[in-house]
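Asker: Can you read through this structure? Questions will come right after.
The values are calculated or read from the model by the stated rules, or taken from the named source; none is laboratory data. The structure displayed is predicted, hence computed values, not measured ones. When we count neighbours, we look across all protein chains shown, and the Cβ atoms used for this are built from the backbone with ideal geometry, even at glycine.
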Amino acid sequence: MKERLQKILSARGVCSRRKAEEYITAGAVKVNGVTAVLGQTADPVHDVITLFDREIDKNEEKVYIMLNKPRGYVTTLSDESGRQTVTELIADIPQRIYPVGRLDMHSEGLLLMTNDGELANKLTHPSHKVYKTYLVNISYDGNKPPVSAEQMLSRPMTIDGVKLLPAKCRKITELEDGCILTVSIRQGKNRQIRRMCVHCGFTVRSLKRVSVGRLMLSDLPTGQYRRLTQEEIKYLKSL
């Protein structure tokens, strides 16, 4: 059965669908020796599909890992500005895997990576609303607010015209000029928690993702990764 080329490349773990479209537009993808065009379909079983004249692997082993991303690393496979990327932390994995979603450079914590394009697309699709939980250290930037930070951050809010789903918040520690709390969100808007905090008049001092659904970062050391268990993989596929 024929499928769009960008879907095939993504499912094989070659790249994201968006990147696949860029490769196709640039003329880097061929089907049976003929340069492909955007929107073209192919048979993933019978057609020979190449990227930069190298045939994509039809039977590559699927890899699923959890990385504890340190601050200062970007969640891209390469960076034109020369910044450190998460691929440097998984250099010993022979397969080409890529991040599922993103954590901004100044955030840390749980980052899933895989070459299972079908699962990655499912987990990052806007309709997918599994809770992701973050440990957030904020400062009040002046006087303590009249209501608690967790109450303020739990309220429905609209930022840049986008209505955000209410977050679940729980205070862990009260500090002299701020607090540490957990914030759980179901959306994946760009820098969402940082923007929520700015909206409420807070400054984020540190932000760490500690869980994705039932998957917990636990005591995984910073900068290290581990492979997901079969039970964890089954759970992600069931979402």
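Asker: May I ask you to say which residue of ARG195, ARG170 is basic (Lys, Arg), more than 21 Å from LEU123 (Cα to Cα) and assigned to a strand (DSSP E or B)?
Answerer: ARG170
Asker: Based on this model, can you work out whether ASP160 counts as touching a residue at least 60 places away in the same chain (Cβ under 8 Å) and more than 28 Å from LEU239 (Cα to Cα)?
Answerer: So ASP160 fails the test.
Asker: Related question: Residue check, SER184 against (1) polar (S, T, N, Q); (2) assigned to a strand (DSSP E or B); (3) on the phi > 0 side of the Ramachandran plot, all met but one. Which one?
Answerer: The number of the failed condition is (3).
Asker: Also: So, in the range 38-73, exactly how many residues are surrounded by 12 or more Cβ atoms within 10 Å (Cβ to Cβ) and modelled with pLDDT under 95?
Answerer: Total meeting the criteria: 16.
Asker: May I pose another question? With SER81, SER16 as the choices, which residue is in contact (Cβ under 8 Å) with a residue 60 or more places away in the chain, over 21 Å from ARG227 (Cβ atoms) and either loosely packed, with under 14 Cβ neighbours inside 10 Å or not hydrophobic (A, V, I, L, M, F, W, C) (or both)?
Answerer: On the way: SER81 fails: in contact (Cβ under 8 Å) with a residue 60 or more places away in the chain.
Answer to the selection: SER16.
Asker: Would you confirm whether any residue within the range 146-165 is of a type in the set (Ser, Thr, Tyr) and in the same structural domain as GLN230 (by TED's automatic domain parsing)?
Answerer: Scanning the range 146-165 turns up no residue that is of a type in the set (Ser, Thr, Tyr) and in the same structural domain as GLN230 (by TED's automatic domain parsing).
Asker: Looking at the range 19-37, which of its residues are in a loop (DSSP other than H, G, I, E, B) and exposed (fewer than 13 other Cβ atoms within 10 Å of the Cβ)? Talk me through it step by step, then tell me what you get.
Answerer: Restricting attention to the range 19-37, the residues satisfying the condition of being in a loop (DSSP other than H, G, I, E, B) are 26-28, 32-33, 36-37.
ALA26, GLY27, ASN32, GLY33, VAL37, listed by residue number.
Asker: I would also like to ask the following. State all residues of the range 106-119 that are over 24 Å from LYS7 (Cα atoms) and either among the polar types (S, T, N, Q) or modelled with pLDDT under 95 (or both); if no residue qualifies, say none.
Answerer: SER107 - this is the single residue of the range 106-119 that is over 24 Å from LYS7 (Cα atoms) and either among the polar types (S, T, N, Q) or modelled with pLDDT under 95 (or both).
Asker: Failed condition for GLU174, given (1) touching a residue at least 12 places away in the same chain (Cβ under 8 Å); (2) under 18 Å from ILE138 (Cβ atoms), with all others met?
Answerer: Status for GLU174: all satisfied but (1).
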